[in-house]
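The values are calculated or read from the model by the stated rules, or taken from the named source; none is laboratory data. Bear in mind the structure is a predicted one, so any value in this text is a computation, not a measurement. Counting neighbours? That spans all protein chains shown, and the Cβs are built from the backbone with ideal geometry, glycine included. Surface accessibility is based on the protein's heavy atoms, side chains included, excluding ligands, DNA and RNA. Shrake-Rupley method; radii C 1.70, N 1.55, O 1.52, S 1.80 Å.
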Amino acid sequence: MSRKINFSAGPSAIPLDVLEHAKAEFTDYRGEGYSIMEISHRSKTFEEIHFGAMEKIRKLYGIGDEYEILFLQGGAHLQFSMIPMNLYQGGRAEYANTGVWTNKAIKEAKVLGVKVDVVASSEDENFSYIPEFKFSDDADYAYICSNNTIYGTQYKAMPKTKSPLVVDASSDFFARPLDFSSIGLLYGGAQKNAGPSGVTIVILRKDLVDRVSSQNVPMFLRYKTHVEANSLYNTPPTFGIYLLNLTMQHLLDLGGLAEVEKINAKKASTLYSIIDGSGGFYKGHAKAGSRSDMNVSFTIPKEHALEPVFVEEALKEGMIGLKGHRHLGGIRASIYNAVSQSDVDKLGEFMREFARKHG
Ligand SMILES: *Cc1c(COP(=O)(O)O)cnc(C)c1O
């Protein structure tokens, strides 16, 4: 078997033991004689997986009954509008704008008539940093994106506010322990750090469930509907939830999120120290202090034409997904949970060699 080393930004690498596990029971789930994809979402067999995944998420983040765990569809993109539909109460919503994904969320909120207050932005320097700011304590909600997948910036800590903090954690879900003290809602698609595409995980503080107005929000777009139905209101993406459950177990087996964070920090520092030690051959996009442990975006400033050559030659060495996002260009290595230290070491070795050859 020759599996590629996968630096894709999303959908992205899934732990091999999770894939092997799924493969082994793909046509015959635990001797039951059917695939998990072929049975009712209301069967006991599936419910065990469904509620098991929710339990594991609680365990990983150390959260109890004060939060609901929801499995929805429509990706992070649907949350850009579901959040204001469910949480906005006619006052103000505060957003910190740190890139493409917050921009999109702001746009959707405005479509819905939300009075949006952009309290901070790093647009002035092409989103290369996480701005210093404070949310007020009296907004309907306060919105951030914890890890900016394209620019490679990441909040080092969750902002504190008495307003419910809403966090798009699509690209650093389950990558580190989080302080939930301000968090009202944390969400993301599974396809970057938690499994395949198709499942959106929403962690919602219970007191926010009843905020939604029943006047003009369609039933399906109310969190309340899905809370009351235990995320089984309609047919959920069963195979995605099955893989999510296996991935959560994999993280628990590694020792939980504190361990996962250590592993991730070491991988990231491997790459950043090569960039910093390259004598200017490589230049990281994110400023020191804002650098992401998940997405390392960089360029080759002396000759940008070398960037596609880098991507091409890396491909020949079995490394995929290194082309930068079309908004930023350059090179991006996404080093999510499923990318190992030895995968990163291989990329690091390649980077050193490439710089030696072309520097
Ligand atoms: C990928 C990504 C999105 C978009 O996710 P979809 O599931 O495709 O809607 C939103 N926010 C962040 C931070 C992302 O990385």
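Within 10 Å, count the other beta carbons around each residue, average over each peptide in 238-250, 310-322, and list them highest first. Before the final figure, lay out the partial values.
Working: 238-250: 22.7, 310-322: 16.7.
Taking the mean over residues of other Cβ atoms within 10 Å, the ranking is 238-250, 310-322.
Note down the relative contact order for the range 16-165 as a percent, whole number, built from C-alpha pairs under 8 angstrom at least six residues apart. Write down the numbers at each step before the final one.
Values: 174 pairs, mean separation 25.8, N = 150.
Relative contact order here is 17 percent.
Treat every Asp and Glu Cβ in the chain as -1 and every Lys and Arg Cβ as +1, leave all other atoms uncharged, and give the resulting dipole magnitude about the Cα centre to the nearest 20 debye.
On the way: 40 positive and 42 negative charges, 116 e Å.
That gives a dipole near 560 debye.
For the chain, just the Cα set please: Rg and Dmax, both in angstrom.
Here Rg and the maximum Cα pair distance are 20.8, 65 Å.
Over the chain, what relative contact order in percent results from Cα pairs under 8 Å that are six or more residues apart? Don't skip to the end; give the middle numbers.
Details: 677 pairs, mean separation 80.9, N = 359.
The value is 23 percent.
Just to be sure I understand the model, the point goes 7 Å from the Cα along the line to the Cβ. What's the resulting L315 to S181 distance in nm?
Between L315 and S181, the label points sit 4.9 nm apart.
Over the range 144-300, average the accessible area per residue using a 1.4 Å probe and give it in Å², no decimals.
Working: 5240 Å² over 157 residues.
Solvent-accessible surface per residue comes out at 33 Å².
In what sequence, highest mean first, do 264-270, 140-146 appear when ranked by Cβ atoms within 10 angstrom? Kindly include the intermediate steps, with their values, before the conclusion.
Numbers: 264-270: 18.1, 140-146: 26.6.
Ranking the peptides 264-270, 140-146 by packing returns 140-146, 264-270.
State, in angstrom, two size descriptors of the range 235-359 derived from its alpha carbons: Rg to one decimal place and Dmax to the nearest whole number.
For the range 235-359, the Cα-based Rg and Dmax read 16.3, 55 Å.
Rounded, prolate or oblate: pick one for the range 134-242, where a ≥ b ≥ c are the square roots of the eigenvalues of its C-alpha gyration tensor, a/c under 1.5 means rounded, and failing that, prolate if a/b is larger than b/c, else oblate. Show your work: numbers first, answer last.
On the way: a/c = 2.20, a/b = 1.11, b/c = 1.98.
Here the range 134-242 falls in the oblate category.
On full extension of the chain, what length is gained from L254 through D137, given 0.36 nm per residue of separation minus the C-alpha to C-alpha distance? Kindly include the intermediate steps, with their values, before the conclusion.
Numbers: separation 117, 0.36 × 117 = 42.12 nm, distance 3.73 nm.
Gain on stretching L254 to D137: 38.4 nm.
Report, in deg cm²/dmol and to the nearest 500, the calculated mean residue ellipticity at 222 nm for the chain, where each DSSP H run with n ≥ 4 adds -39500 (n - 2.57) and the sum is divided by the residue count.
Numbers: 9 runs with 123 residues, N = 359.
That calculation yields -11000 deg cm²/dmol at 222 nm.
In what sequence, highest mean first, do 30-38, 331-339 appear when ranked by Cβ atoms within 10 angstrom?
Taking the mean over residues of other Cβ atoms within 10 Å, the ranking is 331-339, 30-38.
Say R0 is 25 Å: what FRET efficiency, to the nearest 0.05, do K283 and E353 get from their beta-carbon distance?
Numbers: r = 18 Å, r/R0 = 0.73.
Result of the calculation: an efficiency of 0.85.
How much net charge surrounds R352 when only the other residues with a Cβ under 15 Å from the Cβ of R352 are counted, with Lys and Arg +1 and Asp and Glu -1?
Working: positive: K346, R356, K357; negative: D276, E313, E317, D345, E349, E353.
Net charge around R352: -3.
I'd like the distance between the alpha-carbon centres of the range 14-70 and the range 178-226, rounded to an integer number of Å.
Here the answer is 19 Å between Cα centres.
Per the Kirkwood definition applied to all pairs of different Cα atoms, how many angstroms is the hydrodynamic radius of the range 1-119?
Details: mean 1/r = 0.0546 Å⁻¹.
Every distinct Cα pair counted, the radius reaches 18.3 Å.
Suppose each label sits 7 Å from its Cα in the direction of the beta carbon; what would the S197-Q341 distance come out to in nanometres?
3.3
Checking the table K104/K323; K192/K267; K267/K346 against a 20 Å threshold on Cα-Cα, which pairs fail?
Values: K104/K323 22 Å; K192/K267 16 Å; K267/K346 11 Å.
As for pairs spanning more than 20 Å Cα to Cα, those are K104/K323.
Hey, any idea what % of the range 268-348's accessible area is carbon plus sulfur with a 1.4 Å probe? If you can, show how the numbers build up before the last one.
Working: 1790 of 3370 Å².
Answer for the range 268-348: carbon and sulfur cover 53 percent of the accessible area.
Only Cα pairs within less than 10 Å get springs; with that Gaussian network setup on the chain, which residue of S214, S278, S122 has the largest fluctuation?
Checking each option, the largest mean-square fluctuation is seen for S214.
Using a 7 Å offset from the Cα along the Cα-to-Cβ direction at both Y34 and E125, what is the distance between the two label points in nm, to one decimal?
5.7
Between D276 and K206, what is the FRET efficiency for a Förster distance of 35 Å, r being their Cβ-Cβ separation, to the nearest 0.05?
Working: r = 45 Å, r/R0 = 1.28.
That gives a FRET efficiency of 0.20.
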